[in-house]
Each structure stands twice: as C-alpha cells, then as structure tokens.
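Written below as structure tokens is the structure these notes are about.
The values are calculated or read from the model by the stated rules, or taken from the named source; none is laboratory data. Here the structure is a predicted model, which is why all the values come from computation and not from measurement. Cβ placement follows ideal geometry from the backbone for every residue including glycine, while neighbour counts extend to all protein chains displayed.
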Ligand SMILES: [Ca+2]
Ligand SMILES: [Ca+2]
Ligand SMILES: [Ca+2]
C-alpha cells in the first residue's frame, strides 16, 4: 500500500534494483494502481479543497506556501536589475513552488528569464517510462530545440539523475518590445517519437498563454520578470534568500494523473544549446554554466537536479505510514 501513490519511476527503479519479479511484492500491483490512486486523490481533494492559483507569475508564497527548493549558486546568465514586469536583463532560477490540485500540477518557477528569447526548459516525470537520457527522435518543437539536447547519434544526450525519467517537456520563452511570450510542449516516450506542438503565445499584454499540449492536455502559463532579489552573479553574495523570491513563471498543467510528480527545470540558451548554471534543485557550490546540453549527466553531479512535488496532503494523511516516503525515494 505504501508505494501506491509514490513517485512512478523511483518505484520502478527501486523495484528493478531489488530484482523483484514484476508482479511480486507490495510495490507492483499494477492493475490495482489506477483505482487506488483515484480513490485516494478524490478523497484528498474533498478534504483539502485548495483554491486554484491564478496563473500570473506572482504571489507564489500565498498561492503555494513555502518553496520546495531554493537556488544554491549565483547566476552566470546575468543578475536581473530591471524591475519591470515584462522585461529582464538577466536570468536566474531562484526557487520552485508547486502543488498538485486534483489532476493538475500548479508550478511556480521563481526568478527571471532574460527577454532575449533564452529558454526556461521544464521536464515533468509523472508516470512510468519516459526518458532518463534524452533521445534524438522526439517531436520537433521550438525549432527542434528538444532534440538539440538529445542524442545526436553518438550515444550522448542530456542525462538526468538516476530516479528521474521525465514524460513531458515544456519550454517557455520571452522577448521583444512590446514583450511577447510563447510555449511549446512535447511527450517524452520511452521509445521516442512522441507528439509535440506549439501551445500558444503572443503579446504578454494579452494575458496568460492558454492552450493544449500533446493529447489535448490543458496548459496555461504566464511570467512576471519583476524580481530584482534572489541570487546575484556567481561568486557574489546573494541579493536575498532565493527561496523568498515569489515572482517568476507559473504553469498550470493538467497531467490527468494522480500521485507524486517530479520536475527538472533550467535556464537554457536561445537555441536550447547552452545550459546555464541555474538548475532546479541547485548545483554544488561554485558551479558555473554547464554548456553543451548533450554532454550533461546530472547523475554525475552531486545532489538532486530535480524536485519532488508531493501528492495532495489529504491523500497522504489518509494513508497513514507514508511519512518518510519522500526520503526513501531519494535513497
Ligand atoms: Ca516517467
Ligand atoms: Ca537576483
Ligand atoms: Ca545529481
């Protein structure tokens, strides 16, 4: 019972590591899983009844509560000094705020994204399967930017931490004056070849991006670039505690799934071709830009370069004994 609402790929990998038969043991009652998760989450929604966050890129503290993760290193993509909501002269990823509301992931990525069409790339692990190492035959989205990070045929490809195999890619960007913003989305199927599409965008003054991703998944997003605190340039003292930055980029993602979710996120160059050092979960002290995406292997970098977003609290309370599962998932 304990693992029924747990983190999909962590369970899979842990089960594999223990070399258990696929149908034996308490963690792998596959046929029962959807029904159990459905019951738990429905009950959780009834008990918790959280208000829907407004997708505006602001007020993350009141919308989500404390940050799940704060940045550890100063930015090498420029420390924003422009307080305007729609413009930034640097990029930093200060904190991750999130919660799951029914089947919808609500995500706040605090910080700034320079309005030069640099990218905020987000990877979401919400079901079994996916790509621990990015393949080169995924959907062509954002000028083939996803495959720019993947295997070029030589066996490389951006590789995540061991327990993280994302199933969905989202990318957000902003630039121009007057400011515009855009979003694309793509599936990350275990065997590649998934669907992907341009979600939407245009003038920021028109409000949030509202559209659909692969399979008709409902998506919305908006950005607020007004932060001038958080981390500073690499090597300088922080402007403030990064976990207290409450503006940035906000997403509503209807995953149509229930249970814990993992996310990875980073600031990337305009062609998805040069990773900054602004990575969700943080890098070890002193790390600069990571550069060529295809050569990055987060499993060789200390710490988790992903963040776990727990399933709704009500579901966990009802399943007594789940305390500590988050820690075990990181083993
Ligand atoms: Ca997965
Ligand atoms: Ca800053
Ligand atoms: Ca790591």
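Summary of computed values
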quantity: Residue in segment 290-312 that is part of a loop (DSSP other than H, G, I, E, B), in contact with a helix residue (DSSP H, G or I) (Cβ under 9 Å, 6 or more places away or on another chain), more than 28 Å from residue 115 (Cβ to Cβ) and away from ligand 1 (no atom under 16 Å from the Cβ) present; calculated: yes
quantity: Evaluation of residue 117 against (1) modelled with pLDDT under 95; (2) under 24 Å from residue 196 (Cα atoms) (one fails), failing number; calculated: (1)
quantity: Candidate set from segment 99-129 (those that are on the phi > 0 side of the Ramachandran plot and surrounded by fewer than 24 Cβ atoms within 10 Å (Cβ to Cβ)); member that is farthest from ligand 2 (Cβ to nearest atom); calculated: 129
quantity: Residue under evaluation residue 278, criteria (1) within 16 Å of ligand 2 (Cβ to nearest atom); (2) farther than 26 Å from residue 251 by Cα, criterion not met; calculated: (2)
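A quick yes/no check of all residues on (1) within 16 Å of ligand 2 (Cβ to nearest atom); (2) surrounded by 23 or more Cβ atoms within 10 Å (Cβ to Cβ); (3) modelled with pLDDT of 95 or more:
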{"residue": "161", "(1), (2), (3)": "no, no, yes"}
{"residue": "164", "(1), (2), (3)": "no, yes, yes"}
{"residue": "186", "(1), (2), (3)": "no, yes, yes"}
{"residue": "191", "(1), (2), (3)": "no, no, yes"}
{"residue": "208", "(1), (2), (3)": "no, no, yes"}
{"residue": "228", "(1), (2), (3)": "yes, no, yes"}
{"residue": "238", "(1), (2), (3)": "yes, no, yes"}
